[in-house]
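K.L.:
Here it is, the structure in full.
The values are calculated or read from the model by the stated rules, or taken from the named source; none is laboratory data. Small disclaimer: the values here were computed from a predicted structure and weren't measured. Positions of Cβ are backbone-derived with ideal geometry, glycine not excepted, and every protein chain shown enters the neighbour counts.
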Amino acid sequence: RFPNVRCLFSRELEAFSQQNGEVTLNLKAPDGQRETVKAQWLVACDGGGSNVRRSLNVPFEGKTAPNQWIVVDIANDPLSTPHVYLCCDPVRPYVSAALPHAVRRFEFMVMPGETEAQLSEPQNMRQLLSKVLPNPDNVELIRQRVYTHNARLAERFRIDRVLLAGDAAHIMPVWQGQGYNSGMRDAFNLAWKLALVINGKADDALLDTYQQERRDHAKAMIDLSVTAGNVLAPPKRWHGAVRDGVSWLLNYIPPVKRYFLEMRFKPMPQYHAGALVREGDAKTSPVGKMFI
């Protein structure tokens, strides 16, 4: 589409180096052929297990959730509703979500002692689905997979001429649906800055503001997602009873009910440092705040 864009699909990054103001990448194609590519900058969006981040020895601090969840994708959505449900079932919490192409996704908490092999057996899968579907025997399973949530944040987003973005920079549980959104915020923040620097209209110090503006908000979204997961699946049964009682009471206080229904508790991006905020600006200043 653009003459200055070259797309290379299905390439494996075997190694890279930074020197003389550029990045050199060694790529391997599916047919085994190797190619060397040189670029001014490398934006690493290679996921939570980022080899780029690891090779640069950037710490990825955080924690792994103690429990696991099994994802079940079903074709021809039997519920036929666009909604997403987070069900705080004290016996087995679960999530129900509508995906594109008429796919219904369920996520069930894996209980202690259960394994992926056991839950994937037809009779056990039917038992899981019987609590959420009227006819669990008449569904087309696309896949089922057990996974573990992680909440981790890279110590640095810029390492010389390499910039980390998306899951390579931060990963979080799914409960607030902010993983993809956070990656998009990274891209929007970084794209115009890279364009200015590459075209000689700004010093590369502008790219330092990428971490200043994005890292704190990414951490806030990670913390919110972890909290939401603890509310959905509390570590102790009595915690769930307290949650249900408090939720029932708050439902009768209209301002509080609106606060939660409209998700006003979600942290909005706010810059305390970066390209737009002057040193010494008071935290009460409107500069650096998002207006909606």
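K.L.:
I'd like the full set of residues that are part of a helix (DSSP H, G or I) and not hydrophobic (A, V, I, L, M, F, W, C), limited to segment 200-217. Quick ask: steps written out before the conclusion?
P.N.:
Start the filter on segment 200-217 by keeping residues that are part of a helix (DSSP H, G or I), which leaves 204-217.
Hits for segment 200-217 are D204, D208, T209, Y210, Q211, Q212, E213, R214, R215, D216, H217.
K.L.:
With respect to the numbered conditions (1) modelled with pLDDT of 95 or more; (2) surrounded by fewer than 18 Cβ atoms within 10 Å (Cβ to Cβ), which one is the sole condition not fulfilled by K236?
P.N.:
(1)
K.L.:
Could you tell me how many of the residues in segment 238-290 are aliphatic (A, V, I, L, M), in a helix (DSSP H, G or I) and under 27 Å from the mean Cα position of the chain (by Cα)? Before you say what the answer is, go through the steps one by one.
P.N.:
Of segment 238-290, the ones aliphatic (A, V, I, L, M) are 241-242, 246, 249-250, 253, 256, 261, 263, 268, 273, 275-277, 282, 287, 290.
Cutting the leftovers down to in a helix (DSSP H, G or I) gives us 241-242, 246, 249-250, 256, 261.
From the residues that got through so far, the ones that are under 27 Å from the mean Cα position of the chain (by Cα) too are 261.
Residues meeting the conditions: 1.
K.L.:
Any idea how many residues of segment 215-273 are among the hydroxyl-bearing types (S, T, Y) and touching a His at 6+ places or on another chain (Cβ under 9 Å)? Please lay out each step first, then the result.
P.N.:
So in segment 215-273, the residues among the hydroxyl-bearing types (S, T, Y) come out as 225, 227, 247, 252, 259, 271.
Still in the list and also touching a His at 6+ places or on another chain (Cβ under 9 Å): 225, 271.
So the answer is 2.
K.L.:
Which one of V58, V71, V91, V95 is among the β-branched types (V, I, T) and at pLDDT below 90? Spell out the reasoning first.
P.N.:
Details: V58 fails: at pLDDT below 90; V71 fails: at pLDDT below 90; V95 fails: at pLDDT below 90.
That would be V91, the only listed residue that is among the β-branched types (V, I, T) and at pLDDT below 90.
K.L.:
Separate question: Picking from V231, V197, which residue would you name as being surrounded by fewer than 19 Cβ atoms within 10 Å (Cβ to Cβ), part of a helix (DSSP H, G or I), in contact with an Asp or Glu (Cβ under 7 Å, 6 or more places away or on another chain) and β-branched (V, I, T)? I'd like the intermediate steps shown before the answer.
P.N.:
Details: V231 fails: in contact with an Asp or Glu (Cβ under 7 Å, 6 or more places away or on another chain).
Step by step, each of V231, V197 is checked, and only V197 is surrounded by fewer than 19 Cβ atoms within 10 Å (Cβ to Cβ), part of a helix (DSSP H, G or I), in contact with an Asp or Glu (Cβ under 7 Å, 6 or more places away or on another chain) and β-branched (V, I, T).
K.L.:
Turning to a different aspect of this structure: Do the conditions hold for A65, that is, is it free of Cβ contacts under 8 Å to residues at least 24 places away in the same chain and under 30 Å from R215 (Cβ atoms)? Outline the logic, then answer.
P.N.:
On the way: free of Cβ contacts under 8 Å to residues at least 24 places away in the same chain: no; under 30 Å from R215 (Cβ atoms): yes.
Criteria not met by A65.
K.L.:
Restricting to segment 68-86, what's the tally of residues that are in contact (Cβ under 8 Å) with a residue 40 or more places away in the chain, farther than 15 Å from P173 by Cα and of a type outside the set (A, V, I, L, M)?
P.N.:
Final tally of qualifying residues: 3.
K.L.:
On to the next question. For segment 42-54, give me the residue count where each residue is exposed (fewer than 15 other Cβ atoms within 10 Å of the Cβ) and part of a helix (DSSP H, G or I).
P.N.:
First, pick out the residues of segment 42-54 that are exposed (fewer than 15 other Cβ atoms within 10 Å of the Cβ): 47, 49, 54.
Right, trim to part of a helix (DSSP H, G or I) and you get 54.
Qualifying residue count for the region: 1.
K.L.:
Among the residues in segment 34-41, are any touching an Asp or Glu at 6+ places or on another chain (Cβ under 6 Å), free of Cβ contacts under 8 Å to residues at least 60 places away in the same chain, under 26 Å from R6 (Cα atoms) and exposed (fewer than 14 other Cβ atoms within 10 Å of the Cβ)?
P.N.:
Within segment 34-41 (the criterion being touching an Asp or Glu at 6+ places or on another chain (Cβ under 6 Å), free of Cβ contacts under 8 Å to residues at least 60 places away in the same chain, under 26 Å from R6 (Cα atoms) and exposed (fewer than 14 other Cβ atoms within 10 Å of the Cβ)), the answer is yes, since at least one residue qualifies.
K.L.:
Pick out the one residue from A220, A191, A187 that is of a type in the set (A, V, I, L, M), in contact with a helix residue (DSSP H, G or I) (Cβ under 9 Å, 6 or more places away or on another chain) and part of a helix (DSSP H, G or I).
P.N.:
Working: A220 fails: in contact with a helix residue (DSSP H, G or I) (Cβ under 9 Å, 6 or more places away or on another chain); A191 fails: in contact with a helix residue (DSSP H, G or I) (Cβ under 9 Å, 6 or more places away or on another chain).
Testing whether each residue is of a type in the set (A, V, I, L, M), in contact with a helix residue (DSSP H, G or I) (Cβ under 9 Å, 6 or more places away or on another chain) and part of a helix (DSSP H, G or I) leaves just A187.
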